[in-house]
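Read-outs throughout are calculated quantities, based only on the coordinates presented, and are distinct from any laboratory measurement. Because the structure is predicted, anything quoted here is derived from the model rather than measured. Reconstructed Cβ throughout: ideal geometry from the backbone, glycine too, with neighbour counts over all protein chains shown.
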Number of protein chains: 2
Amino acid sequence: MKLFGFFRSSAAFRVRIALNLKGVAFEDAFVHLRRGDQRSEAYLAVNPQGLVPALEVGGHTLIQSMAIIEYLDETHPEPPFLPADPAERARVRALADIVACDIHPINNLRVLRYLSRPLGHDQAAIETWYNHWIASGFAALEQLLAGDRRTGDFCAGARPGLADIALAPQAFNSERYNLDLSPYPTIARIYANCMKLDAFTRAHPNNQPDRDD
Amino acid sequence: MKLFGFFRSSAAFRVRIALNLKGVAFEDAFVHLRRGDQRSEAYLAVNPQGLVPALEVGGHTLIQSMAIIEYLDETHPEPPFLPADPAERARVRALADIVACDIHPINNLRVLRYLSRPLGHDQAAIETWYNHWIASGFAALEQLLAGDRRTGDFCAGARPGLADIALAPQAFNSERYNLDLSPYPTIARIYANCMKLDAFTRAHPNNQPDRDD
């Protein structure tokens, strides 16, 4: 397997965690987003969307992090990323999608760049935007997690799964932008538990060979 | 089952299509997004995220449209929304997520409102923003669909599935904003095929009892 990623991309971070949790070895291919490698002819032939991650596996090129993670869960069932019961699965997928649909895409690099140019906003306005969407999503997530006895050391019980894989990179991003996590004690606790695990720390942006900040 | 929705919401439109395709009867509960019903205490008790849709089923309240649709597919297997093979499933989920993660959330009502206030953009700038993200996503989707022999009358073969359920409401939105679909002939063809089906037309915003435009 070959993973096209970038150390700082949250979506690539998710897939690295998933691969590590499943114990799947993979080769790295680095796509430097700030330098614009994702718009190169070579990378657009891999992923016409020009985003990371992409995963080459078994003659296929898979794109979209959440679809890749579901694929890994279907092809490597242990440890499972989702509970067995359909309603419980829906809960975990919904928690993950609050991050994957309603926080992360609005704060993606290409959106922040559009706010800067053509829209002309300065760094302060962009940081306010960034924290607004994290705070809005995290407030809902915190309430859903804190008020539910299915929440344990992780979003669903005692083992990390799909929701934790989505949550940890988003919590890391919020730290980078100095968002105070204290209004979200359950999120902060789960994030800390994730970061005690080798699968998460090895996937961390700071521990990637392409790190350049 | 009770579906909390709004005629104009694309995410609720998706779930209505899914329920119709599965032949599942449901009761409507209307949440008027422009009037702010989604921020009422009553609705926040249903969905702390303050977004539609939400689905009450079997003593659970499910949120996030894509998680709800996967739930419906798991609990009502016929007709299937996903192929059987994991790599094919990943392809369909990725096509769906291009819409569900990378187009729709950036153009959601709450984001457009933020552009208007506090950011102060006028209607023309907001429409340019809106069409920019649709065009960017549709260009990739068109290339992925047109260049793949797995594409048929629908995104994956001869029957509508998860990707079509995501695509049709987005194509409808692009019509509303007068986006020219002619650069995306495969998307336009699949959208037209969807709209020949009763499950899609009954779910259409124009055919909802809460329509008020």
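Backbone phi angles across the stretch A:54-70, fed through the Karplus curve with coefficients 6.51, -1.76 and 1.60 (θ = phi - 60°), yield HN-Hα couplings of 9, 10, 8, 7, x, x, 10, 10, 9, 10, 6, 4, 5, 5, 5, 5, 4 Hz in residue order; Gly and Pro are listed as x.
Convex hull volume of the Cα atoms in the stretch A:42-91, per residue, in Å³?
For the stretch A:42-91, the hull spanned by Cα atoms encloses 89 Å³ per residue.
Using the Cβ-Cβ distance between residue B:117 and residue A:146 with R0 = 41 Å, the FRET efficiency computed as 1/(1 + (r/R0)^6) comes to roughly 0.85.
Ranked for footprinting exposure by Cβ neighbours inside 10 Å, fewest first, B:134, A:165, B:126 give B:126, B:134, A:165. Per-residue ellipticity at 222 nm, computed for chain A from helices alone with -39500 (n - 2.57) per DSSP H run of at least four residues, works out to -15500 deg cm²/dmol. Distances between equivalent label points of residue B:152 across the copies, with each point positioned 7 Å along Cα→Cβ, amount to 4.2 nm, shortest listed first.
In plain terms, if you count all Cα to Cα distances in the stretch B:86-200 and split them into 5 Å steps from zero, the share in each step is 2, 11, 23, 23, 17, 11, 7, 4, 2, 0 percent. Label-point spacing at residue B:116 relative to the other copies reads 2.9 nm, in ascending order, each point sitting 7 Å out from Cα along Cα→Cβ. Converting phi to 3J(HN,Hα) with the Karplus coefficients 6.51, -1.76 and 1.60 and the offset θ = phi - 60°, the stretch B:161-168 yields x, 4, 5, 5, 5, 6, 6, 4 Hz in sequence order, with x at every glycine or proline. At an R0 of 25 angstrom, the distance between the Cβ atoms of residue A:124 and residue B:132 translates into a FRET efficiency of 0.60.
Considering every pair of different Cα atoms, what Kirkwood radius, in Å, is found for chain A?
Kirkwood radius, chain A: 17.6 Å.
Qualifying trypsin sites (Lys or Arg not before Pro) in the stretch B:3-105, where qualification requires a DSSP coil assignment and no more than 13 other C-beta atoms within 10 Å, comprise B:34, B:35.
Remark on residue B:154: its backbone amide H falls under 5 Å from those of B:159, a criterion applied only to residues 5 or more positions apart or on other chains, H modelled at 1.01 Å from N. Residue order for A:98, A:69, fewest other beta carbons within 10 angstrom first, comes to A:98, A:69. Checking the cross-link filter: which lysines have an alpha carbon closer than 28 Å to that of residue A:2, excluding same-chain neighbours under 8 positions apart? By straight Cα distance, residue A:2 reaches A:22, A:196. Taking the number of Cβ atoms within 10 Å of each Cβ as an exposure proxy, the fewest-first ranking of A:189, B:211 is B:211, A:189. In order along the stretch A:42-52, phi translates into HN-Hα couplings of 4, 6, 5, 6, 7, 9, x, 6, x, 10, 9 Hz, rounded to whole numbers, per the Karplus curve 6.51 cos²θ - 1.76 cosθ + 1.60 with θ = phi - 60° and x for Gly and Pro.
Every Cα-Cα pair in the protein assembly as shown was counted, and those over 41 Å apart are 8% of them. Comment: the Cα-to-Cβ extended label point of residue B:39, at 7 Å, lies 3.6 nm from its counterparts in the other copies, nearest first.
Taking 7 Å steps out from each Cα toward its Cβ at residue A:196 and residue B:207 produces label points 5.4 nm apart.
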